[in-house]
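What follows is a single structure, written as structure tokens, with notes after it.
The values are calculated or read from the model by the stated rules, or taken from the named source; none is laboratory data. Everything quoted here is computed from the prediction, not taken from an experiment. Backbone-built Cβ (ideal geometry, glycine too); neighbour counts: all protein chains shown. Quick note on the areas: whole protein, heavy atoms, side chains included, nothing else; ligands and nucleic acids left out. Shrake-Rupley method; radii C 1.70, N 1.55, O 1.52, S 1.80 Å.
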Amino acid sequence: MEFLIGMLVFFPFLGGLVCSVTGKRNEKVRDCLAAAVTVLELALILAAFVCNREAIWQQSDIWNSAVASLCLKDICGMGLNFQLDGFRLIYGIVAAFMWTMACLMAKEYLKHHENRNRFYLFLLLTLGATMGVFLSADLFTTFIFFEIMSFTSYVWVVQEENQPSIRAAGTYLAVAVIGGLVMLMGIFMLYHELGTVVIDQLHEAVQHCENKAVIYASGACMLVGFGAKAGAFPLHIWLPKAHPVAPAPASALLSGILTKTGIYGMLLLSANLFFHDVVWGALILALGVATMLGGALLAVFSIDLKRTLACSSMSQIGFIMVGIGMQGLLGEENALAVHGTLLHMMNHSMIKLVLFLAAGVVFMNTHALDLNEIRGFGRKKPFLKGVFLIGALAIGGIPFFGGYVSKTLLHESIVEFGGGWIMKAVEYSFLFSGGLTVAYMTKLFIAVFIESNTSAKVQKKYDSQKKYINSQSAFVLAVSAGVLLIWGLFPENLMDKAAQFGQGIMRLGHFGERVAYFELKNLSGAAISIGIGAVVYLFFIRKVLMEKTAGGDRYVNRWFSWLDVENLIYRPLLLKLLPLLGGLVCRVLDSFLDGVIVFLRKSIYRDSPLPHELTEGTLFTLSVGVVLNRFRDVANSTWRRKRPIERDYVHYLAVRHAESRQNSVVIRRSMSFALLLTCIGLMLTLFYLIILW
């Protein structure tokens, strides 16, 4: 079993390198190899599930359901540690399935793109890194693969290499790196205080820790890193910009899986460092409500297909965070919140796989994402319409689809807690956000699949497209939508069992009461959200967010352009204000130090003139120059009489010395020299960690 765990993590890395080498000679073989790697990864995780299912299920009513582990000692000092349990197996299966579907779809999607070899390489490297995150058994291992995943997935965002993708990729990388460094600081603080970062040991270690302030500080630092990857408010700035510019298969993985690594980190913190902690639960709940509402509002105003889906991802992450927050507030009676959180994670992953791949089909044929340009594309394409409709109904929380079950559990956990007006506000925000989800998904579906394009010529072109997708991509969409549909139709037999199978990571020690999903009291929440969605669509989207033109009604983006958190706060703060303040402080300190030196030289350490101060050069250049001048005089009086040497070697060597010093200063101040020294330092550090530790 240890070998199997190692294969799950490291096999995709090896497969990516092999595919990269192969792709330089034969692209068709490379495509087949990449697909084979993802299929084999899926087979491996399914084999691990089959081998360990009974063992996990027998102890799934207790929190610790780990059945296998792998420890690679002496790597990076603390070693790399992995383990298998119910949650890790479930999300390993989800990740491998999504990677397989995305890889198969990428063959058609990228057939006219450049740098396909690079894309497949980093697609598989990111798969290995993501598996490393989900299977990690300590926070240090989590961090290492978390950062690898951030750097490898950066290539997805910048794949097109145009101005929007380069800017979005820069934002994505900046948020990932800064968040990762803050998270690392939190891990160091935690290790210093507790003496361990092994996940299964943290809860007991915290119970014996008296300095709770350090625990909260380290938890806050790690929350920054995990929240940045999840796209939680206010660190969401990369998400609405990175998803639209990335290729559709990559967007599906960014939204469906990579954001869940951030949620996975939040679960680890909440279940181990802050188990049933009301303060921590309230913090996550507040951030979740802000993320949920903010993403839904951005999606309602958006008129870009993939941007709307990206903002929707932000909103659904907020729903999941609400569930995590409710786990802390409900304490021992948090089974509804635990199951709702896990199921909505899985639902959102599979839903976004379907929706982003369907959006990729639209883009492949229209080369546009603006709703006004792609309007009417799917009117006579029943297969694509059905696939998109399944995803839209599921994310909208419509009964008999998966999203309804997980949202019902989350809503009931809020109702179960009760409380005063604050929890009422949370419940109303939850239902209103669900209504906004229905509204913006209705907008997308009607625009692309029901309405006609304002240009009759364009609409005729869309309607005449019969071969808009090849058989392989059609298979991918059919399988993805079919799995999502079947998953939602059998909540008791599939969804409840999956929630119970994976609940151990959240330290839930009982299965909780069985929920009758289709009773009137549970249907009422969905009915309220659907009603709100209908009102928002009919009276806000159709009346306010559309304008009449000579060619017909058009969708318009009425979002306030200045209300961009990145351009309004982060870029001015990080690129202007902080450098200005830092430069000011350094200038003041530099001037102060110069003043102290001048004062000392004019008072205590008063300068005295040198008795034999040189006019130029150094003592060395002077000595060598005098000797050379003597040789010059001898030569001029003997064999160089007709062509005497006129050069003064004392002056010549002084000038060369001055030029050498100036060049040395320029080199030391150059960015290239600084980067060279940085690389040398990193190499020495890695050599020490890997070889000598």
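Can Phe475 be described as open to solvent by 20 Å² or more (accessible area, probe 1.4 Å), within 21 Å of Phe363 (Cβ to Cβ) and in a helix (DSSP H, G or I)?
Taking the combined requirement at face value, the residue satisfies it.
Filter the range 126-135 down to the residues that are closer than 12 Å to Gly265 by Cβ and out of contact with any Lys or Arg (no Cβ under 9 Å at 6 or more places or on another chain) and list them by number.
Result: Val133, single match.
Can you tell me how many residues in the range 461-494 are free of Cβ contacts under 8 Å to residues at least 60 places away in the same chain and either aliphatic (A, V, I, L, M) or closer than 21 Å to Leu393 by Cβ (or both)?
Matching residues across the range 461-494 total 6.
For (1) open to solvent by 60 Å² or more (accessible area, probe 1.4 Å); (2) at pLDDT 90 or above; (3) part of a helix (DSSP H, G or I), each residue gets a yes or a no:
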residue	(1), (2), (3)
Gly16	no, no, yes
Ser20	no, no, yes
Lys28	yes, no, yes
Ala36	no, yes, yes
Leu40	yes, yes, yes
Leu44	no, yes, yes
Asp61	yes, no, no
Ala66	no, no, no
Leu70	no, no, no
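Just to be sure, is Leu4 under 28 Å from the mean Cα position of the chain (by Cα), assigned to a helix (DSSP H, G or I) and touching a residue at least 24 places away in the same chain (Cβ under 8 Å)?
Against the criterion (under 28 Å from the mean Cα position of the chain (by Cα), assigned to a helix (DSSP H, G or I) and touching a residue at least 24 places away in the same chain (Cβ under 8 Å)), Leu4 qualifies.
Which residue out of Lys466, Lys461 is closer than 30 Å to Arg375 by Cα, open to solvent by 40 Å² or more (accessible area, probe 1.4 Å) and in a loop (DSSP other than H, G, I, E, B)?
Lys466
Is it fair to say Val405 is under 20 Å from Tyr555 (Cβ atoms), assigned to a helix (DSSP H, G or I) and open to solvent by less than 10 Å² (accessible area, probe 1.4 Å)?
Working: under 20 Å from Tyr555 (Cβ atoms): no; assigned to a helix (DSSP H, G or I): yes; open to solvent by less than 10 Å² (accessible area, probe 1.4 Å): yes.
Criteria not met by Val405.
Given the conditions (1) without any contact (Cβ under 8 Å) to a residue 40 or more places away in the chain; (2) outside any loop (DSSP other than H, G, I, E, B), report the number of the one that Ala447 does not fulfil.
(1)
Taking the stated definitions as given, is Tyr537 touching a residue at least 40 places away in the same chain (Cβ under 8 Å), within 14 Å of Phe400 (Cβ to Cβ) and in contact with a Ser or Thr (Cβ under 7 Å, 6 or more places away or on another chain)?
no
I'm trying to understand the selection: among the residues of the range 336-355, which are open to solvent by 10 Å² or more (accessible area, probe 1.4 Å) and over 22 Å from Gly92 (Cβ atoms)?
Result: Leu336, single match.
Among Ile90, Ile144, Ile148, which is the only one that is over 30 Å from Gln500 (Cβ atoms), among the β-branched types (Val, Ile, Thr), open to solvent by 10 Å² or more (accessible area, probe 1.4 Å) and touching a residue at least 40 places away in the same chain (Cβ under 8 Å)? Spell out the reasoning first.
Values: Ile90 fails: over 30 Å from Gln500 (Cβ atoms); Ile148 fails: touching a residue at least 40 places away in the same chain (Cβ under 8 Å).
Result of the check over Ile90, Ile144, Ile148: Ile144.
Please enumerate the residues belonging to the range 507-548 that are open to solvent by 50 Å² or more (accessible area, probe 1.4 Å), β-branched (Val, Ile, Thr) and outside any loop (DSSP other than H, G, I, E, B).
Ile528, Ile530, Val535
Would you mind listing the helices (runs of 4 or more DSSP H) fully within the range 175-290 where at least 3 residues are surrounded by 24 or more Cβ atoms within 10 Å (Cβ to Cβ)?
212-230, 239-245, 248-253, 259-268
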